[in-house]
Amino acid sequence: MGLFSNLPPEVSVYEVSARDGLQNEAVTVATTRKVRMIDALVDAGLSRIEISSFVSPKWVPQLADAEEVVRLMPRREGVTFSALCPNVRGLERAKASGIEEIGVFISGSETHNLKNVNKSTVDTLAVFSDVIGPAVEAGIKVRGYVSTVWGCPFEGEVDPKKSLAIAEQLLAEGCYQVSLGDTIGVGTPVQTRDIIELFLASVPPEAVALHLHDTRGTALANVLVGLEMGIRTFDAAVAGLGGCPYAPGAAGNLATEDLVYTLNGMGIETGIDLEKLWRAGQVAEAIIGRDLPGKVHRAGVRSLRS
C-alpha cells in the first residue's frame, strides 16, 4: 500500500460560501446578489449548498433575509439547499420556508461555544434535542457541525474526545452527517490523522465530513489525509470566502476552486465544472467588493499542459 493508494473515484463537495462566507463580511450583501452567486454555483455543478441561516438577525444581520433567499432559489433536481438552524424558533422559520435541509452547530470548546451561542455545550445539545428529531419527523434532513475540533482561539488545544462525544450525540439524535471544523486553521496532517482515527473507530466514514480553514495554508494537506482515510465529503467556500466572527484570526475557508483543482488533478470526480466554478468566484468577488484569497481564484485554471 503506497501513497494515495486509497483514493476514491468521487467525492462530495459541500459549498458553504453563501452562509459561512457572507456572515463574516463587514458589508451586508443584497438578497438579489446572493441569489446571483448561488445561481452561479449551481450552474458550476455544486449540488449541496448552504445558502443562509435562520439565526436571529440581531446576531448575524448579514443573513437576516434567509426566508427571501430560500424563496428566490428555484428548486433544482439533484440540488440540495440548506441553512443553519440554532433553535426551535429557527426550525419553525425553516419549516415555513420549505427548505429541505438544516444544519445545527456546536463547538468542541466551551469558551468558543459560549461566545458563539451564549450557551454551554450541554445546554446547546439540550436545545438540539427539540430541533433535530422534530425536523427529521417533518421530512427535513439535519446535518451537524462541530467547530474548533483542531483548536480554539481562546482555550488552545481541544480534547478531540469531547468533540467525538458531541458528534455521537448529534448522530444519535438524527443528524445524517457531522462536519468537523478546523475553525482557526491550525490543523496539520498528523493531528488530522489522529482526529480521524479517533472518530472512525466509532463513527462510519460516510457520517463524517471535514470543514477546513486555510489560515495557515494546511487545508489541502489535511484534505489529502482525509481522502486516504476514507472521508468523502469536504466543505469549501468559493474563492476562499469566510472565517468565523467569533474566532479571532480565523481566515477564509478552503477555497472550492483549490479543492476541485486538486481533486481533478488526482482523477477524482466531483461533478463540478472548474471553469464555471472559477467564474462563480468572480461573481462572489464582484458582489463582495474586495479581493478574495483563493489560490486558483487568483491564478486562474489554465492547465500547465495546455
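The values are calculated or read from the model by the stated rules, or taken from the named source; none is laboratory data. Given the structure is predicted, the values throughout are model-derived calculations rather than measurements. Neighbour counts run over all protein chains shown; Cβ positions are idealised from the backbone, glycine included.
Listing for the model above:
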item: Matching residues in the stretch 215-226 - criterion: being crowded, with 20+ Cβ neighbours inside 10 Å and modelled with pLDDT under 95; result: T215
item: Subset of the stretch 116-167 (residues that are surrounded by 18 or more Cβ atoms within 10 Å (Cβ to Cβ), part of a helix (DSSP H, G or I) and either out of contact with any helix residue (DSSP H, G or I) (no Cβ under 9 Å at 6 or more places or on another chain) or polar (S, T, N, Q) (or both)); result: N116, T121, T124, S163
item: Cβ pairs under 7 Å, 6+ apart, first in the stretch 105-124 and more than 20 Å from K58 (Cβ to Cβ), second charged (D, E, K, R); result: G108/K162; S109/E155; T111/E155; S120/E110; T121/E110
item: Qualifying residue in the stretch 115-134 (condition: at pLDDT 95 or above and under 22 Å from P205 (Cβ atoms)); result: yes
item: Conditions (1) at pLDDT below 95; (2) more than 30 Å from V190 (Cα to Cα): number failed by F154; result: (2)
item: Test: residue in the stretch 209-222 that is under 23 Å from L7 (Cβ atoms), more than 14 Å from the chain's Cα centre (by Cα) and among the basic types (K, R); result: no
item: Pair list, Cβ < 8 Å and 6+ apart or interchain, from the stretch 280-293 residues that are touching a residue at least 60 places away in the same chain (Cβ under 8 Å) and under 13 Å from T256 (Cβ atoms) to residues that are among the charged types (D, E, K, R) and in a helix (DSSP H, G or I); result: A280/D43; V283/R36
item: Residue match in the stretch 1-11 (condition: assigned to a helix (DSSP H, G or I) and not acidic (D, E)); result: no
item: Odd one out for I288, checked against (1) closer than 27 Å to R232 by Cα; (2) modelled with pLDDT under 95; (3) among the aliphatic types (A, V, I, L, M); (4) surrounded by 13 or more Cβ atoms within 10 Å (Cβ to Cβ); result: (1)
item: Members of the stretch 55-78 found to be of a type in the set (A, V, I, L, M, F, W, C) and closer than 16 Å to K34 by Cβ, listed by number; result: V55, V60, L63, A64, A66, V69, V70, L72, M73
item: Condition check for K95: of a type outside the set (A, V, I, L, M, F, W, C) and under 24 Å from L180 (Cβ atoms); result: no
item: Leading residue by the ranking (farthest from V225 (Cα to Cα)) among those in the stretch 36-56 that are of a type outside the set (V, I, T) and surrounded by 21 or more Cβ atoms within 10 Å (Cβ to Cβ); result: F54
item: Search result, residues across the stretch 168-199 that are among the aliphatic types (A, V, I, L, M) and surrounded by 18 or more Cβ atoms within 10 Å (Cβ to Cβ); result: L170, L171, V178, L180, I184, V186, I195, I196
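To keep it simple, each residue is scored yes or no on (1) under 19 Å from the mean Cα position of the chain (by Cα); (2) closer than 29 Å to S129 by Cα; (3) surrounded by fewer than 19 Cβ atoms within 10 Å (Cβ to Cβ); (4) not acidic (D, E).
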{"position": "G21", "(1), (2), (3), (4)": "yes, yes, no, yes"}
{"position": "V27", "(1), (2), (3), (4)": "no, no, yes, yes"}
{"position": "K34", "(1), (2), (3), (4)": "yes, no, no, yes"}
{"position": "K58", "(1), (2), (3), (4)": "no, yes, yes, yes"}
{"position": "V70", "(1), (2), (3), (4)": "yes, yes, no, yes"}
